[in-house]
Amino acid sequence: MLKRKGLLLVVSGPSGAGKGTICKELLQKNEQIKLSVSATTRKPRNGEVDGVNYFFIEKEKFTDMIGKGEFLEYAQIYDNFYGTPKAAIIECLENGQDVVLEIEMQGAKQIKEVYPEGVFIFVLPPSLEELKSRIVGRGTETKEEIDKRFSCAFEEINQIVNYDYFVVNKDVKQSTKEVESIIVAEKNKVTRYKNNIIEKFKEEL
Ligand code: 5GP
C-alpha cells in the first residue's frame, strides 16, 4: 500500500457563500474525513454545541493558548478570536487522515506559510446579490452584523489569489462533488508520495 500524509483541506469564502454547508455535506458523504473544531471567544449561537461547532472559550484562555503555541493559526474576526488547535491536526495528518478546516482568509494565509502542501479551496457565491440574500435569510445575525459581513465580502474575494482552487456555490451537491474531485486529484499527486511509488515497484522486482 502506498503511504502518504493526510490532506489538509482549507476551505474559505465570504460569509454566506456556503462553505459551512459544503463542508457538512462533504463530511456526511466521506466519513473518513475529519473536521477540525476551532476555538473561539465568540458566544455560542442558538443550537451550537461546545466541542462540536467550536470550543467556546474565554479570551484569557485563548491568549494563554496563543502564548503556548497551541494554535496552527489564529485570527481576530470582527470582535472575536478564532483559532485552529494544532496538536489534533498534526496527529491526524501523520496518520494519513484527511482534515478539513473551515476558516477565513487571514488564517488560511498563515497556514499556507507553514504548511504549503495544504489544499486551499475558495467558495464563491454566484453573485454578491445572492450572497446578501443568503446572509439575511439565514436570520442568525443582527442587521449591524449583516451590513458588516456584506461590506467585507468584496475585500474577502480579493484574497482568492492565495488559494489553489475555487468552487462557485450555486448548488451544494454540485459544489461538494467538485470538492471531492479536487481531493481525488490531490491524492494522485506524485509529489505527495515522495519516493514511495518507485520503492513499491522496486520491491516487486
Ligand atoms: P462564525 O462566527 O460565523 O462561526 O465564523 C466567522 C468566520 O470565522 C468564518 O469565516 C469562519 O470560517 C471563520 N473561522 C472559524 N474558525 C476559524 C479558525 O479556527 N480560524 C480562523 N482563522 N477562522 C475561523
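The values are calculated or read from the model by the stated rules, or taken from the named source; none is laboratory data. Every value quoted in this text rests on a predicted model; they were computed, and no experiment measured them. Positions of Cβ are backbone-derived with ideal geometry, glycine not excepted, and every protein chain shown enters the neighbour counts. Quick note on the areas: whole protein, heavy atoms, side chains included, nothing else; ligands and nucleic acids left out. Shrake-Rupley method; radii C 1.70, N 1.55, O 1.52, S 1.80 Å.
How about the range 56-79: which of its residues are open to solvent by 60 Å² or more (accessible area, probe 1.4 Å) and either at pLDDT below 95 or within 10 Å of the ligand (Cβ to nearest atom) (or both)? Show your work before the answer.
Going residue by residue through the range 56-79, those that are open to solvent by 60 Å² or more (accessible area, probe 1.4 Å) are 58-61, 63-64, 67-68, 70, 74, 76, 78-79.
Result: Tyr74, Gln76, Tyr78, Asp79.
Name the strands (runs of 3 or more DSSP E) wholly inside the range 98-174 in which the number of residues that are surrounded by 13 or more Cβ atoms within 10 Å (Cβ to Cβ), aliphatic (A, V, I, L, M) and within 15 Å of the ligand (Cβ to nearest atom) is 2 or more.
Numbers: elements: 99-102, 119-124, 165-168.
In the range 98-174, the matching strands (runs of 3 or more DSSP E) lie at 99-102, 119-124.
Taking the stated definitions as given, is Val11 part of a strand (DSSP E or B) and touching a residue at least 24 places away in the same chain (Cβ under 8 Å)? Reasoning before the result, please.
Values: part of a strand (DSSP E or B): yes; touching a residue at least 24 places away in the same chain (Cβ under 8 Å): yes.
Judged against the criteria, Val11 is a match.
In the set Ile103, Ile121, Ile89, Ile77, which member is among the aliphatic types (A, V, I, L, M), within 26 Å of Phe166 (Cα to Cα) and out of contact with any helix residue (DSSP H, G or I) (no Cβ under 9 Å at 6 or more places or on another chain)? Lay out the reasoning, then the answer.
On the way: Ile103 fails: out of contact with any helix residue (DSSP H, G or I) (no Cβ under 9 Å at 6 or more places or on another chain); Ile121 fails: out of contact with any helix residue (DSSP H, G or I) (no Cβ under 9 Å at 6 or more places or on another chain); Ile77 fails: out of contact with any helix residue (DSSP H, G or I) (no Cβ under 9 Å at 6 or more places or on another chain).
From the options Ile103, Ile121, Ile89, Ile77, the qualifying one is Ile89.
Filter the range 12-46 for residues that are of a type in the set (A, V, I, L, M, F, W, C) and more than 8 Å from the ligand (Cβ to nearest atom); which is most open to solvent (accessible area, probe 1.4 Å)? Step through it out loud before you land on a result.
First pass over the range 12-46, keeping only residues of a type in the set (A, V, I, L, M, F, W, C): 17, 22-23, 26-27, 33, 35, 37, 39.
Of the ones still in play, those that are also more than 8 Å from the ligand (Cβ to nearest atom) are 17, 22-23, 26-27, 33, 35, 37.
On the way: Ala17: 0, Ile22: 5, Cys23: 3, Leu26: 4, Leu27: 38, Ile33: 14, Leu35: 61, Val37: 31 Å².
Among those that are of a type in the set (A, V, I, L, M, F, W, C) and more than 8 Å from the ligand (Cβ to nearest atom), it is Leu35.
Output the residues belonging to the range 139-163 that are at pLDDT 85 or above and among the hydrophobic types (A, V, I, L, M, F, W, C).
Scanning the range 139-163 gives Cys152, Ala153, Phe154, Ile157, Ile160, Val161.
How many residues are acidic (Asp, Glu) and more than 18 Å from Ala88 (Cα to Cα) when one looks only at the range 1-58? Let's see the steps before the verdict.
From the range 1-58, those acidic (Asp, Glu) are 25, 31, 48, 50, 58; that's our starting set.
Then drop every residue that is not more than 18 Å from Ala88 (Cα to Cα), which leaves 25, 48, 58.
So the answer is 3.
Determine whether Lys177 is outside any loop (DSSP other than H, G, I, E, B), touching a helix residue (DSSP H, G or I) at 6+ places or on another chain (Cβ under 8 Å) and open to solvent by 80 Å² or more (accessible area, probe 1.4 Å).
For Lys177, the condition - outside any loop (DSSP other than H, G, I, E, B), touching a helix residue (DSSP H, G or I) at 6+ places or on another chain (Cβ under 8 Å) and open to solvent by 80 Å² or more (accessible area, probe 1.4 Å) - is not met.
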